[in-house]
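Q: Attaching a single structure in C-alpha cells format; questions to follow.
The values are calculated or read from the model by the stated rules, or taken from the named source; none is laboratory data. Bear in mind that the values here come from a model prediction, so they are computed numbers and not experimental data. Every residue, glycine as well, gets a Cβ built from its backbone with ideal geometry; the counts of neighbours run over all protein chains shown. These accessible areas exclude ligands, DNA and RNA; they are computed on the full protein's heavy atoms, side chains included. Shrake-Rupley method; radii C 1.70, N 1.55, O 1.52, S 1.80 Å.
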Amino acid sequence: MPSRTTRTITLTGPDAAAFANAQFGSAVLSLGVGRWQWSGWLDPKGRVRALLQIAHPEDDRFVVVPRGGDAETLASDLKRFVFRSKVKIAVSDVLHVSDGNAISDGDVREEDDALYFGEGDTSTRINTTQGGDTWYERHIRKGYAWLPDEAIDALLPPALSMERLGAVAFDKGCFPGQEIAARLHFLGGHKKHLHVARSDDTLREGETLRVNGRDIGIVLMHAASQPSPISLVVLDDSVASAETLEIDDKHLHILSTFEA
C-alpha cells in the first residue's frame with residue numbers, strides 16, 4: 001500500500017484553544033495537555049470540510065492533522081477567522097502516516113521529530129519517514145475515516161460517525177455548521193451511515209457506488225492487500241439492510257455498521 005501523507009496545521013498562542021474551540025466541532029477546551037481527540041471543521045451548511053485529529057502536546061500549542069483534503073487551503077481559510085485572536089497558524093511540510101508503538105488511547109507524544117497518537121495497544125505516527133502501514137486496515141475496521149477528495153464538502157457528520165468519535169459536541173457553544181449538526185443529532189432523519197464492507201474486486205477510493213444506475217454511496221478507504229479486500233464506505237440506509245449488494249459488476253458484503 002502506498003504511504004499515506006498529510007500536512008499538519010499548528011495553532012500557537014494564548015488564544016489557540018479558544019480559537020480552535022470556536023471553529024472546530026469537538027470540545028477543544030476540555031482537551032488536556034498530552035492528549036488528542038477527534039474533531040472536524042464544518043461549513044455553514046453542516047457539511048464536513050475536514051475530519052481532524054487534534055493533539056495538545058503543550059500549553060498554547062495544538063497540532064491539527066487533516067485526514068484528507070488540502071491543509072494549505074484549510075489553514076488559509078482558518079486565517080480568515082483569526083481577527084484579533086492571539087493565535088498563529090502554520091502548515092508543515094508533507095509528512096507520512098505510519099505505525100507506532102503501543103501508547104495509551106487518547107495520549108499524544110512527541111519524540112524524535114514525530115507525533116504519536118495513542119490507540120491503546122498501538123499508535124499512529126506522523127513524521128518525515130515512511131513506516132509500516134497496518135494502521136490503515138485497522139482504521140478501516142474501527143471506522144476512522146480518511147476522506148478522498150470526492151468526499152470533501154459532500155457529507156454530513158452522521159455519515160462519518162462523528163458523534164461516536166466525539167468529533168462534534170453540542171454542549172460547548174457555537175461552531176460553524178452547528179445548527180444543522182444539532183438538528184440531525186436531536187431530531188434524526190439522516191439516511192446515510194458508515195460501514196465496513198468486503199468486496200470481491202478492487203474498489204477505488206472516492207468511487208461512487210451505484211445500484212441499478214442509482215447513486216447509493218461512496219468509497220472512503222480501501223485496503224486491497226488481502227484475498228478479499230475491505231473498504232470503509234458510506235451507504236444510503238435504503239440499501240444497507242441487505243447483507244450483499246450488487247454494485248455494477250461487483251459484490252459488496254457489509255461486515256459492520258457504525259452509529260452516527
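Q: Pairs needed: first member in the stretch 147-160, in a helix (DSSP H, G or I); second member anywhere, small (G, A, S); C-beta distance under 6 Å; at least 6 residues apart or different chains.
A: Matching pairs, first to second residue: E150/G206; P157/A181; P158/A260; L160/A145.
Q: In the stretch 165-176, how many are at pLDDT 95 or above and more than 28 Å from E119 (Cα to Cα)?
A: Selection size over the stretch 165-176: 1.
Q: Can you list the strands (runs of 3 or more DSSP E) found entirely within the stretch 1-59 that contain at least 2 residues being touching a Pro at 6+ places or on another chain (Cβ under 8 Å), of a type in the set (K, R) and at pLDDT below 95?
A: none
Q: Here is a follow-up. Can you tell me how many residues within the stretch 178-217 are surrounded by fewer than 15 Cβ atoms within 10 Å (Cβ to Cβ), assigned to a loop (DSSP other than H, G, I, E, B), out of contact with any strand residue (DSSP E or B) (no Cβ under 6 Å at 6 or more places or on another chain) and not basic (K, R)?
A: Going through the stretch 178-217 one residue at a time, the tally reaches 5.
Q: So which residues in the stretch 87-108 are in contact with a helix residue (DSSP H, G or I) (Cβ under 9 Å, 6 or more places away or on another chain) and open to solvent by less than 30 Å² (accessible area, probe 1.4 Å)?
A: Correct list: V87, I89, S92, V97, S98, G100.
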